[in-house]
Each structure stands twice: as structure tokens, then as C-alpha cells.
Amino acid sequence: MDGTGWRPVKRTRTFEDVLAQIERRIAEDGLTVGDRLPAERHLAEQLGVSRSSVREAMRVLETLGVVSSQAGRGPDAGAVLTSRPDSALSDLLRLHLGLTGLEMREVIDTRHMIEQWAAARAATRAATRAATGGAATTELAAAVAGMDAAGSPEEFVEHDTAFHCAIADASGNRLVAAIMRSLRDSMRKYSVEAVRRLGDTSVLRADHVRILEAIDGGDPEEAARAVSEHLAHAYPTLFR
């Protein structure tokens, strides 16, 4: 990653501007885990700011788990990318959800709104862009197979979570995907308890097949309806 593409930042709220530019370059350059950012001194020169501003921005990224700072010189200088910013966002949202003490009804209502939209969007994309739809439904089908073979509520919920996160991924909206992962991770314990209470998961598994078929068939209305009825089956006391 060379010096081209950097823009001088505004002097107000400097560290936030530095942070925004680093995140922009990560996205625009298509950097992946293991890639290295320029050394602190080079970043400061390219951005026209003090090294302390760069250092503060890097501390934020390191706290979020996006980069790992390593001492070094020459080609070994600079922080190493350890995760994509959207992964860090999921972690941050999950922590926030855990600290806010939300009621389960609030979480399920939010899931209901988000996942209906995501399923409908995934179905629309599958209908208009066959390549994208095929990749998404492959992940959904694998999750359905995992649920069918699950030997415990914990294992069932693991594949159930993968299924619903794959719906969000298939919508093509990364923020929706990050929010869905945070919601599912924050309610994992409750989900396991819900599966234990239901005992027989055949209705839930049939729901997942219905959702998969609606998305794969490019039917957004049926996909949204199937998700809504599935959540009512999974959490009947919250949909009375």
C-alpha cells in the first residue's frame, strides 16, 4: 500500500479524520487479513498530521481488533490487518447489546424487521443475479443440512445462527449482516433454551426449507412471509 490515494485531513477532530481515511483505504484497496498498513511516520507524512494523531487512530483500530501493532523497521514496520472493519463492528455491536439490558421482545422485534427485509432482498438478488443467489443459497443449504444432523440444542442453534446470518449476507447489505450477527450472538443462550423447550425441531427445520426455497426461487414476498411465520413458531409467546 503506497502513498497514492491519501488526502490531507482537516485539522479539526484530526484523529477521527485519520481513522476514517485508514478505514476508507482498507476498503478501497481490498486489503485482507495479514496485509500491512504504512508505518506511523509515513502515514503522518502522507496525511499531513502529527504522529500522535495517527497513533491515537491506530489505538482505536487495535482496540476494536482491526489491526495489530508491531514494532519493526523497513518492510516490517506498520500495523498488520487482523480483521475487516465489519467484523469489528459486529463485535462492538454485540458488546453494546450485552450492556444495554434489552428485553428479548425488543431483540426479536428488531430481528423480525431486519430479517424480513433481508430475506426479501436476498430473493430479489437471487432472481436478478443468479451467481450471487447461487452462492448465498449454498450456504443456506449447508446450514439446513447441519440442523438436520444436529445432535443437541447447542449444535442446532449453531447451524440455525449460520442460516440466519447467511440470509443477511445474501441481502448484500454489510451493516444489516453485522447487526444480525450481533443480535444472534447476544441471544445465543436464549435460543438454546427455546430449542430445548420446543423439543421437536421438525417445524423449525421445515420453516428453514421454506425460506431457502423462497429465496432460491426469487420470491421476495414469500421469503419475507416465511421468515415472519418462522419467528412466530420459534418464539410463540412473543407473537401472541
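The values are calculated or read from the model by the stated rules, or taken from the named source; none is laboratory data. Everything numeric in this text was worked out from a predicted model, so none of it was measured. For neighbour counting, all protein chains shown are included, and Cβ atoms are generated from backbone atoms with ideal geometry for every residue, glycine included. We work out accessible area using only protein heavy atoms, side chains counted, and drop any ligands, DNA or RNA first. Shrake-Rupley method; radii C 1.70, N 1.55, O 1.52, S 1.80 Å.
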The answer for the stretch 135-199, accessible area per residue at 1.4 Å probe in Å², is 43 Å²
Quick calc, the stretch 106-231, dipole around Cα centre from Cβ unit charges on Lys, Arg (+) and Asp, Glu (-), nearest 20 debye, gives 320 debye
FRET efficiency for M104 and V60 from the Cβ-Cβ distance with R0 = 35 Å, rounded to 0.05, comes out at 0.65
Once both label points are put 7 Å beyond Cα along the C-beta direction, the E45-E193 separation in nm becomes 5.8 nm
So the carbon and sulfur contribution to the accessible area of the stretch 162-225, 1.4 Å probe, in percent, is 50 percent
Computed ³J(HN,Hα) along the stretch 27-43: with the Karplus parameters 6.51/-1.76/1.60, θ = phi - 60°, integer Hz and x for glycine or proline, the list is 6, 5, 7, x, 5, 10, 4, x, 6, 10, 7, x, 4, 3, 5, 5, 4
If N is the residue count of the stretch 102-226, its Cα Rg over 2.2 N^0.38 Å rounds to 0.99
